[in-house]
Structures are given as C-alpha cells and as structure tokens.
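The values are calculated or read from the model by the stated rules, or taken from the named source; none is laboratory data. Since we're looking at a predicted model, the values are computed, not measured. Cβ sites come from the backbone with ideal geometry, for glycine too, and all protein chains shown count toward neighbours.
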Amino acid sequence: MPRPFVIGLTGGIASGKSTIAKRLADELGTLLECDKLGWRAYDPKDGKEGAACRDALEAAFKGDAEGGTLLAEDGTVDRRKLGPIVFSAKAKMDELNGIVWPRIAAMAEKELEEMGSRGVKVVVMEAAVLLEAGWDAWVDEVWVVSCPAAKQQARLISRNNLKPEDAAKRLASQMSLEERVGKADVVIENGGTLTIATIQALAAIRTPRW
C-alpha cells in the first residue's frame, strides 16, 4: 500500500505553525495534527490504549498533583494539573514524553496508513515536537516555522493568559530555533505578518517534489 508523501511541519509554541498548517491543508485537502492526537493519546474514551496511557500518567504524576490525583471527576487527565508539573522540571517533561510520544507516533502511523489506502498523495503533518521526538526520521521533508522569541512570548502571554515568567519557562523548555532551522528542508519566516508567512508556505507547496 503506497504511503503518502509526508511534510512534517513544526515550530516553537505560538510561532503560528497551526494557522499555516491549516492554510496548507486547505490547499492540499489533508492535515494530520499530532497535537490533537496527543490529547487523544491518554483519553480513556479512545480505547484500551488510551486508558492505559491515562493510567501510566496518573501513576507517574499523582504524587505531584493537587489532591493526590491527576484525574478530573470524569476520569480523564486534568491538563490544568498536568501542565504546571511537567513545565516545572525537565525530568518531569521527559517522563511525560516517554509515556505519550510512542502512543502518538503509533496513532500517526495508523492515520497515514489509512490516508494512503484512500489514495491521499501528500499530507501535512503538524507536530510541535517533530524534531525532539525524532519523528523527522519518518517524514519526507521537514518544514520549520521560524518566529523571533520575543514575538512568541508576546503571543503566548496573550493567547494563554500567562505571566511573562511562565511564558518564558515554556519557551525555554523547547528546542531552540537555531536547532530547528538546522534540520529544516524548508523554512517559513513568520517574524512579520502571517500573510507573508502564508505566501511563503503556499509557494513551497506549489513547487512539488513528490
């Protein structure tokens, strides 16, 4: 079964990558959002694998969570509890990633197989942690949305209603822009207007290599 050509689109938090991914998807008709798969990864309503992932997170972090549990009343992971724990220390984030990343990768591969069976030729796969997780090894091209850190921080403060120090902590927990750009096949500059960045992205998608 032929596998689609996969464009791995990534960038730092609040870099504008999700907006650009959706615009590219409008052009191609396909989008695989790994961040959304991440939410499903530990949702018990997503089958026994989701329940197992939820249970692994509860076991790992309940001791750090307010009230002695990471779970909300409905039995799902309360991300308002999880966020402060994993952003407080790299070791905690690494532990989270070790639990969740393999599940997301398996879900993404299944989605790509299904797309291939439907005859999809090209897929934009948006993944914030594409490079950190090593998923660039199984995409065909890496596209990076580049955005100055000051602009990211301002967007993050406004979008997520964060204190400046909390926004800075989240940015510091991620791979540097220089590292991302060093691994990119295509760089989309989003330091100016989103319109200009979108034009760059569409120009790249309309110069096919597949």
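Counting only residues that are under 29 Å from Val123 (Cα atoms), of a type in the set (A, V, I, L, M, F, W, C) and out of contact with any strand residue (DSSP E or B) (no Cβ under 6 Å at 6 or more places or on another chain), how many does the stretch 143-176 have?
Of the residues in that region, 5 qualify.
For Ile99, indicate whether it is assigned to a helix (DSSP H, G or I), farther than 25 Å from Ala168 by Cβ and β-branched (Val, Ile, Thr).
Numbers: assigned to a helix (DSSP H, G or I): yes; farther than 25 Å from Ala168 by Cβ: yes; β-branched (Val, Ile, Thr): yes.
Yes: the conditions hold for Ile99.
Working only within the stretch 116-136, note down all residues that are closer than 27 Å to Arg54 by Cα, more than 12 Å from the chain's Cα centre (by Cα) and in a helix (DSSP H, G or I).
Hit for the stretch 116-136 is Asp136, nothing else.
Specify which of the listed residues (Ala154, Ala106) is assigned to a helix (DSSP H, G or I) and more than 26 Å from Val181 (Cβ to Cβ).
Details: Ala154 fails: more than 26 Å from Val181 (Cβ to Cβ).
After ruling out the rest, the residue left standing is Ala106.
Does Asp78 satisfy the criteria of being surrounded by 15 or more Cβ atoms within 10 Å (Cβ to Cβ) and more than 28 Å from Val139 (Cβ to Cβ)? So that I can check it myself, show each step before the final result.
On the way: surrounded by 15 or more Cβ atoms within 10 Å (Cβ to Cβ): yes; more than 28 Å from Val139 (Cβ to Cβ): yes.
When the stated conditions are applied, Asp78 passes them.
Taking the stretch 156-171 as the search range and keeping residues that are modelled with pLDDT of 85 or more and of a type in the set (Lys, Arg), which one is surrounded by the fewest Cβ atoms within 10 Å (Cβ to Cβ)?
The extreme case among them is Lys163.
Residue by residue, here is whether (1) farther than 30 Å from Val122 by Cβ; (2) at pLDDT 95 or above holds:
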{"site": "Met1", "(1), (2)": "no, no"}
{"site": "Gly11", "(1), (2)": "no, no"}
{"site": "Gly16", "(1), (2)": "no, no"}
{"site": "Lys22", "(1), (2)": "no, no"}
{"site": "Asp35", "(1), (2)": "no, no"}
{"site": "Gly47", "(1), (2)": "no, no"}
{"site": "Gly50", "(1), (2)": "no, yes"}
{"site": "Leu57", "(1), (2)": "yes, yes"}
{"site": "Ser88", "(1), (2)": "yes, no"}
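Looking at (1) buried (at least 18 other Cβ atoms within 10 Å of the Cβ); (2) assigned by TED's automatic domain parsing to the domain that holds Arg180; (3) farther than 28 Å from Lys163 by Cβ, can you tell me which one Ala128 breaks?
Condition (3) is where Ala128 drops out.
Could you say whether any residue in the stretch 135-143 is buried (at least 18 other Cβ atoms within 10 Å of the Cβ), among the aromatic types (Phe, Trp, Tyr) and out of contact with any Pro (no Cβ under 8 Å at 6 or more places or on another chain)?
Within the stretch 135-143, one or more residues are buried (at least 18 other Cβ atoms within 10 Å of the Cβ), among the aromatic types (Phe, Trp, Tyr) and out of contact with any Pro (no Cβ under 8 Å at 6 or more places or on another chain).
Would you mention how many residues in the stretch 1-60 are of a type outside the set (A, V, I, L, M, F, W, C), in contact with a helix residue (DSSP H, G or I) (Cβ under 9 Å, 6 or more places away or on another chain) and part of a loop (DSSP other than H, G, I, E, B)? It would help to see each step written out before you state the result.
Pass one, the stretch 1-60, residues of a type outside the set (A, V, I, L, M, F, W, C): 2-4, 8, 10-12, 15-19, 22-23, 26-27, 29-30, 33, 35-36, 38, 40, 42-50, 54-55, 58.
Applying the additional criterion that residues be in contact with a helix residue (DSSP H, G or I) (Cβ under 9 Å, 6 or more places away or on another chain) yields 2-4, 8, 10-12, 15-16, 18-19, 23, 27, 30, 33, 35, 38, 40, 42-46, 49-50, 54-55.
With the extra rule that they be part of a loop (DSSP other than H, G, I, E, B), the set shrinks to 2-4, 12, 15-16, 30, 42-43.
Number satisfying all stated conditions: 9.
Residues in the stretch 66-75: is at least one of a type in the set (S, T, N, Q), part of a loop (DSSP other than H, G, I, E, B), within 25 Å of Gly47 (Cβ to Cβ) and in contact with a Pro (Cβ under 7 Å, 6 or more places away or on another chain)?
No, the stretch 66-75 has no match at all.
Output the residues belonging to the stretch 172-195 that are modelled with pLDDT under 85 and either of a type in the set (A, V, I, L, M) or within 26 Å of Gly134 (Cβ to Cβ) (or both). Step through it out loud before you land on a result.
Here is the first cut: in the stretch 172-195, the ones modelled with pLDDT under 85 are 172-174, 191-195.
Those that are modelled with pLDDT under 85 and either of a type in the set (A, V, I, L, M) or within 26 Å of Gly134 (Cβ to Cβ) (or both): Ala172, Ser173, Gln174, Leu194.
Looking at (1) exposed (fewer than 15 other Cβ atoms within 10 Å of the Cβ); (2) without any contact (Cβ under 8 Å) to a residue 60 or more places away in the chain; (3) not in a loop (DSSP other than H, G, I, E, B), which is the only condition Gly191 fails?
(3)
Take the residues of the stretch 1-20 that are under 17 Å from Trp210 (Cα atoms) and hydrophobic (A, V, I, L, M, F, W, C): which is surrounded by the most Cβ atoms within 10 Å (Cβ to Cβ)?
Here is the first cut: in the stretch 1-20, the residues under 17 Å from Trp210 (Cα atoms) are 1-9.
Still in the running and hydrophobic (A, V, I, L, M, F, W, C): 1, 5-7, 9.
Details: Met1: 6, Phe5: 15, Val6: 22, Ile7: 27, Leu9: 30.
So, considering only residues that are under 17 Å from Trp210 (Cα atoms) and hydrophobic (A, V, I, L, M, F, W, C), the one surrounded by the most Cβ atoms within 10 Å (Cβ to Cβ) is Leu9.
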